[in-house]
Amino acid sequence: MNQNTSFKRYLKMDLLPTPWCPGCGNGIVLKTICQAFDELNLPKNGTVVVSGIGCSGRSAGYFDLDSVHTAHGRAIPVAEGIKYAIDALNVIVASGDGDLLGIGGNHLLHAIRRNTNITVVCYANETYGMTGGQVSPTTPHNIKTLTTPNGNPDYPLDVQFLFKHSGCYFARSTVYHLNHLKKCIVEALKFQGFSFVEARTMCIVNYGRRLGYKNSNEMLLHYKEFYKINDDAGELAPNEIGIIKTNTLIKS
Amino acid sequence: MPKQLLQGNQAIALAAEVAGLKFFAGYPITPASEIIHELVNKKHIKTLQMEDEIASINAVMGASLAGVKAMTATSGPGFSLMQESIGHAHMMEVPIVIVNVQRVGPSTGMPTLPAQGDVIQCIHGSHGDYFPIVFYPNSVAELYQYTIAAFNAAEESLSPVILLSDGYISHLYETITPHRDFEIKHRTSPPLGASNRHFTGLSHEGSIPKTSDIDNYRRLISRFQEKQQLTAQRYNYYEYLECGKETDILLISYGALSRVAYYFKNDFSLYRPIRMFPVVEEIKIIAPKYKRIIMMEMNTGQYVREIERLLRREIEFIPILGGRIDLQEIKQKLREEK
């Protein structure tokens, strides 16, 4: 097992532990982002992390970098403002699915359209965990949450389709597939243009336990069994994870 | 310095450039759009048309944190959308300039007509307590002058500063001499990417979020309040015209409406706040000389409450609604007051 701990230089270790519940997957995403930084040896001076609101929104404060904790849903426009002002900065957004796809969804659409050269890592845990477990943009159909006691009547947003013909980068991975997740983030950071990594992560306390999972390990094992890696696809099936480098926009 | 015939909004754009503007993000809206039209042609200013005003102010905050002077411009509906982020910018101490060219509201209202309905929204539009510095000029030359002051006050206070205008003065053409010999304040805090600071809208102590430390929160808010008062003292702008004749009436107005008030300078003494907030305290010295104070605003009585609260006395109020500034109508109303 690789015991390389040099990724820790990107973390404010003295602030740990994080405020996240035992069994939460967010810490795995946080660590994997740092490992991706480490692999690319991103300079600490010149790298900025931006997050929005929610459980995962708190992650920005744990990076040993300049970081911004924006208003709910506004991580992407703040990140774009930083990038367009000072192009030399590496700008990374780390936030949740409710933040990026729900309240901030419009900004995502237009960041894709502008193809702003920033990287977004979306902690997609299928719920609004911080507020107790309400339905979120990635909650599957029929799932019961606090606000959908009879099951989610709607279908989840399949983010990859927002990226069709955009010329941007899209990848999906999970916190079980650590090496794959890291590869997705590394490739995203290397990508010149807008890149988005949907990191499937688990919320046991306010979501999984209501679905019958006994602990977060069971949720992890579900990722292991359910998801198959397919890095060559032009489109991912619901049970596939992988990288899509979308075609550039067909200009009319 | 040659004279120039400029529209109010053009003067704002030109002054912003002189003040060192490097980044502008905005969304089209009447009657503020000419500001971005003007700025897109400036080489050293990055301009972005965003998807909405929320994105605009957030991009401006990001750019400012990245170390460049940044501004957005809008009108009432967009200003309403920006409110959450204005409070956020106060909490994170981000220096930005927000121009609000007011039009008739509420809602879509009468977009092409001027109003002064956003005065209280400037200080209470966002949730929680914050203490913004707000300027409201009344001519093209003043829009130029106070745009520069707004940038300087933003840098000094590390907070968003609001420049109020209205559809009337922003669309007015006047000849001005755009001086460039103003003192320009530069950024004192280091740009993003230089350290390991954390900027957050949570209550905080330095870079550390403190979500349940009540004493720390109280210290934070009183520091903000003191900081804003201290900065404001250096921008103590108002206009007081004592009547040549004996009079016991003081007429207060501001913005577009105050231009009409000049017509009555031989009948009443005139007072005009230019720094709207924090309220200029000099009125406390001026007011006791007059038995009666009459105030006119293009709203149903927003700033009059602020003045009344400060003076602890009653003020006769004349609302001028719907964007029509008609001298005969105002004369008539003043006669009724008399």
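The values are calculated or read from the model by the stated rules, or taken from the named source; none is laboratory data. Keep in mind it's a predicted model, so treat the numbers as computed, not measured. Neighbour counts run over all protein chains shown; Cβ positions are idealised from the backbone, glycine included.
Counting residues in segment A:40-47 that are more than 8 Å from every other protein chain (Cβ to nearest Cβ), surrounded by fewer than 24 Cβ atoms within 10 Å (Cβ to Cβ), over 18 Å from the mean Cα position of the chain (by Cα) and without any contact (Cβ under 8 Å) to a residue 60 or more places away in the chain gives one or more.
Taking the stated definitions as given, is B:ILE57 within 23 Å of B:ILE123 (Cα to Cα) and not small (Gly, Ala, Ser)? Criteria met by B:ILE57. Within segment A:199-213, residues that are within 14 Å of A:PRO140 (Cβ to Cβ) have Cβ atoms under 6 Å from residues that are part of a loop (DSSP other than H, G, I, E, B) in these pairs: A:MET202/A:GLY25; A:CYS203/A:ASN125; A:CYS203/A:GLY129; A:TYR207/A:GLY133; A:GLY208/A:MET202, counting only partners at least 6 apart in sequence or on another chain. Going through (1) of a type in the set (Phe, Trp, Tyr); (2) part of a strand (DSSP E or B); (3) away from chain A (no Cβ under 14 Å) one by one, B:PHE79 falls short only on (2).
Residues are listed down the side, and each one gets a yes or a no for (1) in a helix (DSSP H, G or I); (2) out of contact with any helix residue (DSSP H, G or I) (no Cβ under 7 Å at 6 or more places or on another chain); (3) under 16 Å from B:LEU164 (Cβ atoms):
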position	(1), (2), (3)
B:ASN266	no, yes, no
B:VAL279	no, no, yes
B:PRO288	yes, yes, no
B:GLU329	yes, yes, no
B:GLN332	yes, yes, no
B:GLU336	yes, yes, no
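The one condition from (1) more than 7 Å from chain B (Cβ to nearest Cβ); (2) assigned to a helix (DSSP H, G or I) that A:TYR84 does not meet is (1).
Restricting attention to helices (runs of 4 or more DSSP H) lying wholly within segment B:6-71, give those where 1 or more residues are more than 12 Å from chain A (Cβ to nearest Cβ). It comes to B:8-19, B:34-39.
Taken over segment B:209-240, the criterion of being under 18 Å from the mean Cα position of the chain (by Cα) and of a type in the set (Asp, Glu) is satisfied by B:GLU239 alone. Among the residues making up segment B:190-227, those that are in a strand (DSSP E or B) and either away from every other protein chain (no Cβ under 14 Å) or not aliphatic (A, V, I, L, M) (or both) are B:HIS198, B:PHE199, B:THR200, B:HIS204, B:GLU205, B:PRO209.
Might you let me know whether segment A:98-114 holds any residue that is more than 24 Å from A:PRO156 (Cα to Cα), facing another protein chain (nearest Cβ under 7 Å), surrounded by fewer than 24 Cβ atoms within 10 Å (Cβ to Cβ) and at pLDDT 95 or above? Taking every residue of segment A:98-114 in turn, none turns out to be more than 24 Å from A:PRO156 (Cα to Cα), facing another protein chain (nearest Cβ under 7 Å), surrounded by fewer than 24 Cβ atoms within 10 Å (Cβ to Cβ) and at pLDDT 95 or above. Is it fair to say A:LYS190 is farther than 13 Å from A:GLY242 by Cα, surrounded by fewer than 24 Cβ atoms within 10 Å (Cβ to Cβ) and at pLDDT below 95? The answer is no for A:LYS190. Checking A:VAL68, A:VAL29, A:VAL93 one by one, the residue that is within 17 Å of A:HIS107 (Cβ to Cβ), among the β-branched types (Val, Ile, Thr) and more than 8 Å from chain B (Cβ to nearest Cβ) is A:VAL93 and no other.
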